[in-house]
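The values are calculated or read from the model by the stated rules, or taken from the named source; none is laboratory data. Computed from a predicted structure; not experimentally measured. As a convention, Cβ positions derive from the backbone with ideal geometry for all residues, glycine included, and neighbour counts pool all protein chains shown.
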Amino acid sequence: MKISKHNYPILDKLHKGNLGVVQMYEVDKLRFPNPKEINELFKKFSQKFKSSIDVVSKPFQDAINKNKGKLIDLYVDIIGNKIEDITLDGTFIIGDIAHMIHFKFDKTSDTIALVYMAFTSKGSLIHYIIDHPEAGGSGFWISKVTELNNDYQFSFYGYNPNLPIDLAKLLIVTNMLKKYASTEIKVIEPNSKFKGNTYIKNESDFKVNYLDSTWFTTTISNNPFAVKGHFRLQPKKINGEWTKEVIFIQEFEKKGYTRKSKLTNH
């Protein structure tokens, strides 16, 4: 995988903080939002979007996509029960899609602020959702390409008016897995390369974080009974200080089943 201005022109636009000419699919030309307003939104929040660039590994991506329902349940539990303040700023590269997000949840005031824009690697807008006072209100838009192409990353297969918000929830939970689970993060500096389970050459202007998680992918992909379990954000004390970790609670265990060594059980 190569991350460069040629392969990911959208990252060059992010570095400059300006979309320039806003790209769109042919099928969207009659119903595309105001390009000037889209670029102004991008420019206003580009500093937030560029604060962290994360490349999600294919096994990690597949595990999230396979278990998206339970992960969205985790998000609903945290927000609904006001368990944790959440702040997320950055860009997640998942295959050929760049998901750019600014999200803030304040459990005390029970308020949410969200700006989320998804682009193809070449820079075509796929969808956006805004619910932020600094963005001038709220609204969303979805490209018709989602009706025609079921194969883009984190797809919910076909047109779904809830697609942007569902994907935003998955990004928020992905970031919580990054923060609170046993996630392997390899930092790839500009003009450097990484060779592990995959090969990544970073020719962009950004430092890139490569995300993988043996714990998570083992739990989801290799646990035949995970269908009955759920995730939870669990308080944990480390070196005398309280923090949290994402754990998987298994609903039941079939006789003779051996747990994977990195699966957390309670």
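Below are the figures for this structure:
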{"quantity": "Selection count, region 73-90, where residues are exposed (fewer than 14 other Cβ atoms within 10 Å of the Cβ) and among the hydrophobic types (A, V, I, L, M, F, W, C)", "calculated": "1"}
{"quantity": "Residue identified as free of Cβ contacts under 8 Å to residues at least 12 places away in the same chain and in a strand (DSSP E or B) among Ser109, Ser138", "calculated": "Ser138"}
{"quantity": "Per-region count, region 27-44, residues in a helix (DSSP H, G or I) and buried (at least 16 other Cβ atoms within 10 Å of the Cβ)", "calculated": "6"}
{"quantity": "Region 1-35: number of residues that are farther than 15 Å from Trp141 by Cα and of a type outside the set (Gly, Ala, Ser)", "calculated": "19"}
{"quantity": "Any hit, region 75-92, residues being of a type in the set (Phe, Trp, Tyr), at pLDDT 90 or above, assigned to a helix (DSSP H, G or I) and touching a His at 6+ places or on another chain (Cβ under 8 Å)", "calculated": "no"}
{"quantity": "Test: residue in region 45-67 that is surrounded by fewer than 17 Cβ atoms within 10 Å (Cβ to Cβ), hydrophobic (A, V, I, L, M, F, W, C), under 18 Å from the mean Cα position of the chain (by Cα) and not in a strand (DSSP E or B)", "calculated": "no"}
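Every residue, every condition in (1) in contact with a Phe, Trp or Tyr (Cβ under 7 Å, 6 or more places away or on another chain); (2) at pLDDT below 75; (3) under 15 Å from Gln61 (Cβ atoms), yes or no:
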{"site": "Ser192", "(1), (2), (3)": "no, no, no"}
{"site": "Glu203", "(1), (2), (3)": "no, no, no"}
{"site": "Lys207", "(1), (2), (3)": "no, no, no"}
{"site": "Tyr210", "(1), (2), (3)": "yes, no, yes"}
{"site": "Thr217", "(1), (2), (3)": "yes, yes, yes"}
{"site": "Ser221", "(1), (2), (3)": "no, yes, yes"}
{"site": "Gly229", "(1), (2), (3)": "yes, yes, no"}
{"site": "Gln234", "(1), (2), (3)": "no, yes, no"}
{"site": "Lys237", "(1), (2), (3)": "no, yes, no"}
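Residues checked against (1) under 25 Å from Tyr199 (Cβ atoms); (2) more than 16 Å from the chain's Cα centre (by Cα); (3) not acidic (Asp, Glu):
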{"site": "Leu88", "(1), (2), (3)": "no, no, yes"}
{"site": "Thr91", "(1), (2), (3)": "yes, no, yes"}
{"site": "Ala98", "(1), (2), (3)": "yes, no, yes"}
{"site": "Thr111", "(1), (2), (3)": "no, yes, yes"}
{"site": "Leu114", "(1), (2), (3)": "no, no, yes"}
{"site": "Gly123", "(1), (2), (3)": "yes, yes, yes"}
{"site": "Ile129", "(1), (2), (3)": "no, no, yes"}
{"site": "Glu134", "(1), (2), (3)": "no, yes, no"}
{"site": "Ser138", "(1), (2), (3)": "no, yes, yes"}
